[in-house]
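Data first, discussion second: the structure below is written as structure tokens.
Computed from the coordinates by the stated procedures, all read-outs in this text should not be read as laboratory data. Just so you know, these numbers come straight off a predicted model, no measurement behind them. Glycine gets a Cβ as well: all are built from the backbone with ideal geometry, and neighbour counts include every protein chain shown.
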Amino acid sequence: RKEVEQDPGPFNVPEGATVAFNCTYSNSASQSFFWYRQDCRKEPKLLMSVYSSGNEDGRFTAQLNRASQYISLLIRDSKLSDSATYLCVVHRSGYALNFGKGTSLLVTP
Amino acid sequence: DVKVTQSSRYLVKRTGEKVFLECVQDMDHENMFWYRQDPGLGLRLIYFSYDVKMKEKGDIPEGYSVSREKKERFSLILESASTNQTSMYLCASSPDAGGSQYFGPGTRLTVL
């Protein structure tokens with residue numbers, strides 16, 4: 001099993017749609033989890049941390065299932081500006097993080 | 001806001017040259033990281049540093065070295081650049097072990 005696995009997509013959705021991305025990870029001892037957003041030819045930027053109880057930030061909801069080693073990101077009411085690649089990130093050990101290869105989202109008018 | 005800056009956005013070098021990539025962060029973070037990002041391969045960790053003068057190898061350290069003489073500055077050195085080191089290089093910093101990381105804008109390096 002790869003350390004962090006994501007469906008690369010692309011996900012093409014119309015404006016206003018709800019879209020969900022999933023991610024699985026292999027290290028059951030991981031302690032921290034994140035979603036990052038990366039625009040084309042730009043650096044990754046932290047979108048949100050993911051907590052065991054689930055957390056929401058505006059239109060974005062992240063969920064963690066430790067038993068299944070599974071993380072999700074839900075985007076409601078998609079905007080054109082949400083078009084980007086979304087990286088699932090999992091604490092590896094010590095200082096390091098494992099980055100997934102990303103899921104590409106394209107929101108169309 | 002955390003600010004991580006990198007010395008160049010674009011760099012073109014010749015095979016065999018010694019290349020220095022500089023990264024500076026202004027948030028007094030303990031930890032700094034160097035990654036490279038290639039299409040289809042994602043981000044791969046080259047080296048990281050958890051304190052001044054301390055460094056650890058990441059997943060792909062071969063052909064690279066690093067220097068951290070001051071807390072805010074972390075340099076990546078390509079001892080003898082090769083064409084397979086053409087890539088996007090991203091520097092990041094973090095206040096906590098295993099915590100979220102903040103990235104610089106990246107340096108797109110081309111080795112001819």
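Structure note, pairs A:42/A:79; A:2/B:3; B:3/B:55: Cα-Cα distances above 24 angstrom occur for A:2/B:3.
Charged side chains reduced to their Cβ positions (Lys and Arg at +1, Asp and Glu at -1) give chain B a dipole of some 400 debye around its Cα centre. Across peptide A:96-102, the mean count of Cβ atoms from other chains lying within 10 Å of each residue's own Cβ comes to 6. Cross-link partners for residue B:53 among the aspartates and glutamates, with Cα-Cα distance under 14 Å and sequence neighbours closer than 8 places in the same chain left out: B:30, B:69, B:72. Relative to the Cα centre, the charge distribution of the protein assembly as shown, modelled as +1 at Lys and Arg Cβ and -1 at Asp and Glu Cβ, gives a dipole magnitude of about 440 debye.
Shielding of peptide B:50-62 by partners, expressed as the average count of other chain Cβ atoms within 10 Å per residue Cβ, is 1. Note: relative contact order over region B:39-88, using C-alpha pairs below 8 Å and six or more positions apart, is 26 percent.
May I ask for log10 I(q)/I(0) of the protein assembly as shown at q = 0.10, 0.13, 0.14, 0.15 Å⁻¹, from a Debye sum over the Cα atoms as equal point scatterers with solvent left out? Debye curve over Cα of the protein assembly as shown, log10 I(q)/I(0) at q = 0.10, 0.13, 0.14, 0.15 Å⁻¹: -0.45, -0.76, -0.87, -0.98.
Would you work out if chain A is rounded, prolate or oblate? Take a ≥ b ≥ c from the square roots of the eigenvalues of the alpha-carbon gyration tensor; rounded if a/c is under 1.5, else prolate when a/b is larger than b/c, oblate otherwise.
Numbers: a/c = 1.93, a/b = 1.59, b/c = 1.21.
Cα axes put chain A in the prolate bin.
Mind listing which chymotrypsin sites (Phe, Trp or Tyr not before Pro) in region A:40-109 are in a DSSP loop and have 16 or fewer other Cβ atoms within 10 Å? Counting only loop positions with at most 16 other Cβ atoms within 10 Å, the chymotrypsin sites (Phe, Trp or Tyr not before Pro) in region A:40-109 are A:51. Taking the Cα centre of chain A as origin and assigning +1 to Lys and Arg Cβ atoms and -1 to Asp and Glu Cβ atoms, the resulting dipole is close to 260 debye. Partner shielding of A:89-95 amounts to 5, given as the average count of beta-carbon atoms from other chains within 10 Å of each residue beta-carbon.
Within the listed set A:85, A:61, A:24, the Gaussian network model of chain A (springs between alpha-carbon atoms below 10 Å) gives the highest mean-square fluctuation for A:61. A Gaussian network model of chain B, with springs between Cα atoms under 10 Å, assigns the largest mean-square fluctuation among B:52, B:24, B:66 to B:52.
How do B:30-39, B:72-81, A:13-22 rank on mean C-beta neighbours within 10 Å, highest first?
Highest mean packing first, the order is B:30-39, B:72-81, A:13-22.
For region A:51-109, the orientation-averaged shadow of the C-alpha convex hull comes to 5.0 nm² (one quarter of the hull surface).
Using alpha-carbon pairs under 8 Å, 6+ residues apart, how would you state the relative contact order of chain A in percent? Dividing the mean separation by the residue count of chain A yields 37 percent.
The overall shape of chain B is prolate: from the C-alpha gyration tensor, with semi-axes ordered a ≥ b ≥ c, the ratio a/c is 1.5 or greater and a/b exceeds b/c. Only one residue of B:47, A:47, A:67 has its Cα farthest out toward the positive end of the dipole of the protein assembly as shown, where Lys and Arg carry +1 and Asp and Glu -1 on Cβ, and that residue is B:47.
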